[in-house]
1. Give the residues of the range 28-65 that are under 16 Å from GLY7 (Cα atoms), open to solvent by 40 Å² or more (accessible area, probe 1.4 Å), of a type outside the set (Val, Ile, Thr) and in contact with a Phe, Trp or Tyr (Cβ under 9 Å, 6 or more places away or on another chain), sorted by residue number.
2. Residue by residue through the range 1-27, note down the ones that are over 12 Å from VAL63 (Cβ atoms), of a type in the set (D, E, K, R) and loosely packed, with under 15 Cβ neighbours inside 10 Å.
3. Assess whether VAL25 counts as being under 14 Å from MET1 (Cα atoms) and without any contact (Cβ under 8 Å) to a residue 40 or more places away in the chain.
4. Residues of the range 35-65 being of a type outside the set (S, T, N, Q) and in contact (Cβ under 8 Å) with a residue 40 or more places away in the chain, which ones?
Amino acid sequence: MNILLLGSGGREHAIAWKIAQSPKVDKVFIAPGNAGTALVGTNVDIKADDFAAIKDFALANQVNM
C-alpha cells in the first residue's frame, strides 16, 4: 500500500514514522515534509493545499490512502 501524508511538522513526522513500520505499507510519501520525515519516507515538493498537484501525484504514484 502506498500512503501520502500531508504536512511538514513534528506530528507528521511521528505519524509517518509509525506508518512506515507497518508490513502492509510499501511507500510513504510526505508532502511537503521536512528533514525528519525524509528519514522515514519520501518527501514530495507539493504544498498541502495544492489539490490539483496532489491528485496528479496520487494517480501517478498509485497512492492508496
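The values are calculated or read from the model by the stated rules, or taken from the named source; none is laboratory data. The structure displayed is predicted, hence computed values, not measured ones. All Cβ positions, even for glycine, are placed from backbone atoms using ideal geometry, and neighbour counts span all protein chains on display. Just the protein is used for accessible areas: all its heavy atoms, side chains included, with ligands, DNA and RNA removed. Shrake-Rupley method; radii C 1.70, N 1.55, O 1.52, S 1.80 Å.
1. LEU39, ASN43
2. Result: ARG11, LYS18, LYS24.
3. Yes: the conditions hold for VAL25.
4. VAL44, ALA48, ILE54, PHE57, ALA58, VAL63, MET65
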